[in-house]
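The values are calculated or read from the model by the stated rules, or taken from the named source; none is laboratory data. These numbers were taken from a predicted model, which means no experiment stands behind them. We place every Cβ from the backbone using ideal geometry, glycine too, and count neighbours over all the protein chains shown.
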Amino acid sequence: MRKILGITALLFVVCVLTALASDSFLSGYNLENLVRRTALFGIISIGVAFVIVTGGIDLSIGSVVCLVGCGLPWLLTTQNWSVPAAVAAVGAVSLGIGLFHGLLITKLRLPPFVVTLCGLLLYRGIARGFTRDQTVGFGSGYKELRALATGEIPLPFISGFSLPAPWIFLLVVAISAAILLNRTIYGRYLLALGRNEEAARYSGINTDRMVILAYVISSGLAGLGGLLFVLDVNSAQPVDFGNFYELYAIAAAVLGGCSLRGGEGTIVGVIVGAALMQVLRNMITLVTTHNNIEFAIIGAVILLGVIADELVKRYAVRRRAARAFAAETHS
Amino acid sequence: MTAPLLEASGLTKSFPGVRALKGVRLTLSRGEVLAVIGENGAGKSTLMKILAGVQHPDSGEIRLDQQRVEILSVLQALHHGIALIHQELNLADNLDVAANIFLGREHLRHGLIDTRRLRQEARTHLAAVGLDVDPATRVSTLSLGQQQLVEIAKALSVNARVLIMDEPTSSLSSSEAANLFRVIRDLRSRGVSIIYISHRLGEVKELADRVTVLRDGENAGDLAKSEIHHAAMVRLMVGRDLSQFYAHTPHPPGPVVLEVDQLRTAAHPRHPLSFQVRAGEIVGVAGLIGAGRTELLAALFGVTPAVGGTLRVAGQEISPQSPQDAIAAGLALVPEDRKRQGVILAMAVRDNLSLASLRRDQKRGFLNRSRERHLAQEMIRDLRIKTPSEQQPVQFLSGGNQQKVVLGKWLALRPRVLLLDEPTRGIDVGAKHEIYRLMEDLSRAGVAILFVSSELEEILGLSDRALVLHEGRITGELPRSALSEESVLHLATDTLAESVAS
């Protein structure tokens, strides 16, 4: 809880500073764009959060975004598939990728880092292959489909700002994810095995199945993200569509309180983390003249956040140990 | 009387949640074999680690030759001539004997390792411990007993005056142990002082010039050579008479619940295991480290599925391929490594207690929070788990209370067969007593109990019957009336058993 408050406060401070430094930050256009990007990145960040909770990592997210982002327009425009068939196909591929990763990681005991790193290379390569490295897009068609990402939902009592349609997806995903993680036995299993897989297994939990589920969720949401991303921007270049998105997603999850050691994380935190990442990027574009230092700033902020978190945690552990010790000796 | 070589006093050391040592004192004379004994968790290991520079005391002082010394690192301890030989040997088994003896202190010639000189010098040190192997032999090809001697040779090569040996015989055969004793006596006659830690009271009696007993991190008493008797040692270790400590009073057992027939474990597939456990019976499993005891429990519980044989629980044949299968058949396992396999340290007491029964208590996949709370309160009360609240992360509990959490997790499922692997390792005497009482209560309630222990006292005190394992096979099954330290150790170490088994 304290963690979410901390990161929310940081988000607020960055927003205020950016607004002070740049007039265009608070413009309706910029805000709407920012909020839309936050929703899109929020979705893929929630996905990777499940994997991180199990103590694993998914480096293939950006490439899954690319595969789906290129695959959907390619199937629709050059292969002339129907919309339902194309959407079903990219959905099945995303979930299949997650299943594939999960099986390799649990049944063959391959390290998640290696499996998903190969995925990162593999899926982008495949996308570049079938598109022959050409930009694919919807042109001027598929307006209804694109409305899923570009649409706006007017909010009552607020003029000049409407809620971007991806927020509907984000809300549905976030609420389902939060319920899964906090209210079901499966969420408890994920948290337990993330802390200590061996003890979870000794307690009769089918840890393999839960780990596979986490990778399926991660790739599935990366696929959903890829779909919305490409619908939003209309076209995709296989070379760099979704490039580094896995890092944005992992960073958002870590900023939002997921420990890379596993067993820890909240969905709300991840969304705030995703928002912070987007505001930081927005700030760099608006305030500085050097876009090229973006990664340096983001890297530094995340590092500071993680250091602060670790220090606070150590302090808390020490205090708690002292209290527990006192309680035991006095009773 | 001459002044002691080593004198430690007022040593205190705390870890989060535990006070491991409370003002402990220890003296050691030149050429003396001092046995330090105590139950698991009494503080022996911590004391030895402090003397060897692995850990630093919170307070207290150490004097060597009456000079106060600070031992801040293993290197400094070695410099003072104090060497610790760990229970799990610390050799790089991919390297040869000479390389291990001089690891970190290699002789150089033109900047390169002078292998010839290393091997030459190694030969003298090996001769001193009576080990007749070529210094160029890879350590991995040596037996455990030989590796132990390499460790001692290594300690002698730095001119150790004080040799600390932690459970040196826990994985040795009886002939290897006998050889080790000869080496120890020889070292003693050459003025080396030895601190000998062991659970085997028979060995202590044979070897020690003096005994220091620790209990719950404090000195429980010392015994001079003439006072070293089994009963005296046990009384000091547990703080009361044995008959009170182990609360077990045999009662007539019920029908057979666990039936193991020709079971072959993955670790020792050549040795089929057969035995039975009845309802309300407590069966102990004794043996050396590596005898296959943990592997047996792992096979019964589906952690490492058996490769052959049949298993019946209450007449129903089962073939557990995972802990889920075993749990479904009414089995429960309190595993050997509590912190890695038993509890999830960072999770709350309540969440640990409910972990195994979540599936049963679910409401269509959703958590049943009120049931979880009830369960936690019930277990905390019934098992007397000392915790400030059910929300407390388990890591802040003492070892004994952590173990009660593991037990509580299983009792929630009302198992028919309870398997326990070293159930009292690393917990204090009071908590031990409570765990024994719980085992006793459960057996009275008709649970079939199979427990593994390296503490002979525990096997002798608690078992209705004991199985003794040696190198993967059951070398004997002893009824309570035939249980003694000698009879168990004989079966656990002797090669005579091989003819019996085949």
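Given the criteria part of a loop (DSSP other than H, G, I, E, B) and at pLDDT 95 or above, does B:Pro415 qualify? Considered against the rule, which asks whether it is part of a loop (DSSP other than H, G, I, E, B) and at pLDDT 95 or above, B:Pro415 comes out as yes.
Considering the conditions (1) out of contact with any Gly (no Cβ under 6 Å at 6 or more places or on another chain); (2) over 21 Å from B:Arg425 (Cα atoms), B:Ile327 is excluded by exactly one of them, (1). From the list B:Leu411, B:Leu438, B:Leu367, the lone residue that is within 12 Å of chain A (Cβ to nearest Cβ), out of contact with any Cys (no Cβ under 9 Å at 6 or more places or on another chain) and more than 23 Å from B:Glu485 (Cβ to Cβ) is B:Leu367. Considering only residues in the range B:342-357 that are polar (S, T, N, Q) and either at pLDDT below 95 or more than 27 Å from the chain's Cα centre (by Cα) (or both), the one that is surrounded by the most Cβ atoms within 10 Å (Cβ to Cβ) turns out to be B:Ser354. Evaluating B:Ala376 against the criteria (1) facing chain A (nearest Cβ under 8 Å); (2) crowded, with 19+ Cβ neighbours inside 10 Å; (3) part of a helix (DSSP H, G or I) leaves one unmet condition, (1). Looking at B:Leu353, B:Leu358, just one residue is at the interface with chain A (Cβ under 8 Å from one of its Cβ atoms) and over 24 Å from B:Gln262 (Cα atoms), and that residue is B:Leu358.
Quick check, is A:Leu181 in contact with a Gly (Cβ under 6 Å, 6 or more places away or on another chain), assigned to a helix (DSSP H, G or I), at the interface with chain B (Cβ under 9 Å from one of its Cβ atoms) and not hydroxyl-bearing (Ser, Thr, Tyr)? It is false that A:Leu181 is in contact with a Gly (Cβ under 6 Å, 6 or more places away or on another chain), assigned to a helix (DSSP H, G or I), at the interface with chain B (Cβ under 9 Å from one of its Cβ atoms) and not hydroxyl-bearing (Ser, Thr, Tyr). Against the numbered list (1) closer than 25 Å to B:Gln147 by Cβ; (2) surrounded by fewer than 16 Cβ atoms within 10 Å (Cβ to Cβ), B:Leu72 comes up short only at (1). Pairs linking a residue in the range A:200-214 that is over 13 Å from B:Ser322 (Cα atoms) to a residue that is among the aromatic types (Phe, Trp, Tyr), with Cβ atoms under 6 Å and 6 or more positions apart or on different chains, are A:Met210/A:Tyr189; A:Ala214/A:Phe50. You will find that of A:Ala249, A:Ala236, the residue that is more than 14 Å from chain B (Cβ to nearest Cβ), among the hydrophobic types (A, V, I, L, M, F, W, C), under 19 Å from the mean Cα position of the chain (by Cα) and crowded, with 24+ Cβ neighbours inside 10 Å is A:Ala249 and no other.
Scan the range B:281-317 for residues that are within 22 Å of B:Pro253 (Cβ to Cβ), in contact with a strand residue (DSSP E or B) (Cβ under 7 Å, 6 or more places away or on another chain) and in a strand (DSSP E or B) and the total you get is 10. Applying the condition of being within 14 Å of chain A (Cβ to nearest Cβ) and in a strand (DSSP E or B) to the range B:1-42 and asking which residue is surrounded by the fewest Cβ atoms within 10 Å (Cβ to Cβ) yields B:Phe15. Away from chain B (no Cβ under 14 Å), out of contact with any Gly (no Cβ under 8 Å at 6 or more places or on another chain) and hydroxyl-bearing (Ser, Thr, Tyr) - does that describe any residue in the range A:187-195? No.
Which of the residues belonging to the range B:379-404 are away from chain A (no Cβ under 11 Å), in contact with a strand residue (DSSP E or B) (Cβ under 9 Å, 6 or more places away or on another chain) and either touching a residue at least 60 places away in the same chain (Cβ under 8 Å) or farther than 25 Å from A:Tyr186 by Cα (or both)? Across the range B:379-404, the qualifying residues are B:Gly399, B:Gln403.
Scanning the range A:306-313 for residues that are closer than 23 Å to B:Gln392 by Cβ, within 14 Å of chain B (Cβ to nearest Cβ) and at pLDDT below 85 turns up at least one hit.
Please find, among A:Ala147, A:Ala127, the residue that is at pLDDT below 95, away from every other protein chain (no Cβ under 14 Å) and closer than 26 Å to A:Ser45 by Cβ.
A:Ala147
Checking each residue in the range B:326-340 for being modelled with pLDDT of 95 or more and either at the interface with another protein chain (Cβ under 9 Å from one of its Cβ atoms) or in a strand (DSSP E or B) (or both) picks out B:Ala326, B:Ile327, B:Ala328, B:Leu331, B:Ala332, B:Leu333, B:Val334, B:Pro335.
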